[in-house]
Ligand SMILES: C[S@@+](CC[C@H](N)C(=O)[O-])C[C@H]1O[C@@H](n2cnc3c(N)ncnc32)[C@H](O)[C@@H]1O
């Protein structure tokens, strides 16, 4: 029944979008990050480090934050040979200020910290997105570009704010930035 309703909603309202492929996510990061001159990549939710691996050659500095102990240890080992990659261990809501301090200039943010079953872990919130956005608004740079994965879950899954709430927040904090959803990714982009 749920699947039928989702199909109907997609056909009529073009919402919610289907999950983006890994390639679509990677190319959005390239398009709105390094192709627009951003040199820093900050990720919340490292998981196994595949996005960092894919973007390693595209940015001068990459900082990624993972809450899970085992996932953090594995990512730390994976990137040990790459001095421009830094893996931080803890909650993104606590460690984002440190990630910002470790980079110089504006960054492409890939906000993807959330519990997603399996070996992933859950912090004190299912998806700490509003906390993360508040930190970026207070401590980030005017030229930051922010990409948030899994737009389809906003307002539908417990613990995710409504998309309108994120839009309102972005319009208040980054009035000159554009706001749109592309391939299931919320994009808040500098002019
Ligand atoms: C969907 S996965 C990330 C995938 C990864 N960004 C990629 O593109 O390959 C989400 C990750 O966020 C982690 N996580 C959950 N809550 C977190 C939090 N509050 N702070 C940091 N990481 C968190 C989970 O353990 C999981 O590894």
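Each reported figure results from applying straightforward, stated rules to the coordinates on display, with no laboratory input. Since we're looking at a predicted model, the values are computed, not measured. Here the Cβ is made from the backbone with ideal geometry for all residues, glycine too, and neighbour counts use every protein chain on show.
Numbers at a glance
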item: Relative contact order [Cα under 8 Å, 6+ residues apart], the stretch 18-189, whole percent; result: 23 percent
item: Per-selection metrics, the stretch 67-113 (Cα): Rg and Dmax in Å; result: 11.2, 31
item: Percentage of interatomic Cα-Cα distances in the stretch 1-65 larger than 20 Å; result: 43 percent
item: Taking the stretch 41-121 and dividing mean pair separation by its residue count, relative contact order in percent (alpha carbons under 8 Å, at least six apart); result: 39 percent
item: Taking 21, 183 and counting other C-beta atoms within 10 Å, the order from fewest to most; result: 21, 183
item: Shape parameters for the stretch 105-191, alpha-carbon atoms, Rg then Dmax in Å; result: 12.7, 39
item: Dimensions in Å of the stretch 18-189 - Rg and Dmax from alpha carbons; result: 14.6, 42
item: Value at 222 nm in deg cm²/dmol, rounded to 500, when DSSP H runs of n ≥ 4 in the chain each add -39,500 (n - 2.57); result: -11000 deg cm²/dmol
item: Nearest-ten-degree value, helix 129-139 long axis tilted from longest Cα axis of the chain; result: 50 degrees
item: At q = 0.14, 0.16 Å⁻¹, base-10 log of I(q)/I(0) for the stretch 82-145 (Debye sum, equal scatterers on each alpha carbon); result: -0.44, -0.57
item: D (Stokes-Einstein, µm²/s), Kirkwood Cα radius, the stretch 1-111, 1.002 mPa s at 20 °C; result: 141 µm²/s
